[in-house]
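See structure below.
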Amino acid sequence: MASSLTCTGVIWALLSFLCAATSCVGFFMPYWLWGSQLGKPVSFGTFRRCSYPVHDESRQMMVMVEECGRYASFQGIPSAEWRICTIVTGLGCGLLLLVALTALMGCCVSELISRTVGRVAGGIQFLGGLLIGAGCALYPLGWDSEEVRQTCGYISGQFDLGKCEIGWAYYCTGAGAAAAILLCTWLACFSGKKQKQYPY
């Protein structure tokens, strides 16, 4: 099977896929922030939440529904910062995934990834990693929303967790982006084979 990638390029393709998958899984999972409410564990992502309070009409009290799901609408996301974070991080994950899939196709298709294409792909990965990093940096700005304050003991604020903890999905998303910026961007520069010159 013909490949347009060098040995370094194959490592780049696999690492790119790993970074994209790590960031995308972390982005989709609602485990960026952990806390508790009404004695039940609660977790948040940028656009998803696990466990939420509802008013039980029969018992005339608030009870926790222990399910995970998306917010009903984009406007239902607790803060403007989290809405921006969702868009920015989603775009970054999309860019990383696009490059990763293109790189994997380069393992099987000859003359798909040239040195120039590899460098452009590295630039796109760098941009994708920066977008995800910006999303991760924006996320703590939403910790002062009412939903988060209810979960974090009413003492949380911007960049102040209160009684909450940062979850594994936040670290996972950030780690994938950091690896894409630091490793994949550099490896992409050496990924493509030198194009053959055809005399015409």
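The values are calculated or read from the model by the stated rules, or taken from the named source; none is laboratory data. All of these numbers come straight from a predicted model, not from anything done at the bench. Here Cβ is always computed from backbone atoms with ideal geometry, including for glycine, and neighbour counts include all displayed protein chains. What goes into the accessible areas is simple: the full protein's heavy atoms, side chains included, and nothing from ligands, DNA or RNA. Shrake-Rupley method; radii C 1.70, N 1.55, O 1.52, S 1.80 Å.
Scanning the stretch 146-175 for residues that are under 23 Å from Gly76 (Cα atoms) and crowded, with 19+ Cβ neighbours inside 10 Å returns Glu147, Val148, Thr151, Cys152, Ser156, Cys164, Gly167, Ala169, Tyr170, Thr173.
Yes or no, residue by residue, for (1) open to solvent by less than 50 Å² (accessible area, probe 1.4 Å); (2) under 15 Å from Thr151 (Cβ atoms); (3) in contact with a Gly (Cβ under 8 Å, 6 or more places away or on another chain):
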{"residue": "Arg49", "(1), (2), (3)": "yes, yes, yes"}
{"residue": "Gln60", "(1), (2), (3)": "no, no, no"}
{"residue": "Glu66", "(1), (2), (3)": "no, yes, no"}
{"residue": "Tyr71", "(1), (2), (3)": "yes, yes, no"}
{"residue": "Gly76", "(1), (2), (3)": "yes, no, no"}
{"residue": "Cys85", "(1), (2), (3)": "yes, no, yes"}
{"residue": "Thr89", "(1), (2), (3)": "yes, no, yes"}
{"residue": "Gly92", "(1), (2), (3)": "yes, no, yes"}
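Any residue at all in the stretch 177-189 that's open to solvent by 10 Å² or more (accessible area, probe 1.4 Å), free of Cβ contacts under 8 Å to residues at least 60 places away in the same chain and among the hydroxyl-bearing types (Ser, Thr, Tyr)? The answer is no; no qualifying residue exists. Selection of the stretch 18-46 for residues being part of a helix (DSSP H, G or I), among the small types (Gly, Ala, Ser) and open to solvent by 70 Å² or more (accessible area, probe 1.4 Å) yields an empty set.
So that you can scan it fast, the table gives a plain yes or no per residue for (1) modelled with pLDDT under 95; (2) among the aliphatic types (A, V, I, L, M):
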residue: Pro53; (1), (2): yes, no
residue: Arg59; (1), (2): yes, no
residue: Met64; (1), (2): yes, yes
residue: Ala72; (1), (2): yes, yes
residue: Pro78; (1), (2): yes, no
residue: Arg83; (1), (2): no, no
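Selection over the stretch 66-103 of residues that are among the aromatic types (Phe, Trp, Tyr) and not in a helix (DSSP H, G or I) gives a count of 1.
Restricting the stretch 111-149 to residues that are touching a strand residue (DSSP E or B) at 6+ places or on another chain (Cβ under 9 Å) and either assigned to a loop (DSSP other than H, G, I, E, B) or of a type in the set (Phe, Trp, Tyr) (or both) leaves a set whose member that is farthest from Phe17 (Cα to Cα) is Trp143.
Scanning the stretch 1-17 for residues that are small (Gly, Ala, Ser) and under 15 Å from Arg115 (Cα atoms), which turns out surrounded by the most Cβ atoms within 10 Å (Cβ to Cβ)? Let's see the steps before the verdict.
Just the residues of the stretch 1-17 that are small (Gly, Ala, Ser), to begin with: 2-4, 9, 13, 16.
From what is left, the residues that are under 15 Å from Arg115 (Cα atoms) are 3-4, 9, 13.
Details: Ser3: 18, Ser4: 22, Gly9: 24, Ala13: 27.
That would be Ala13.
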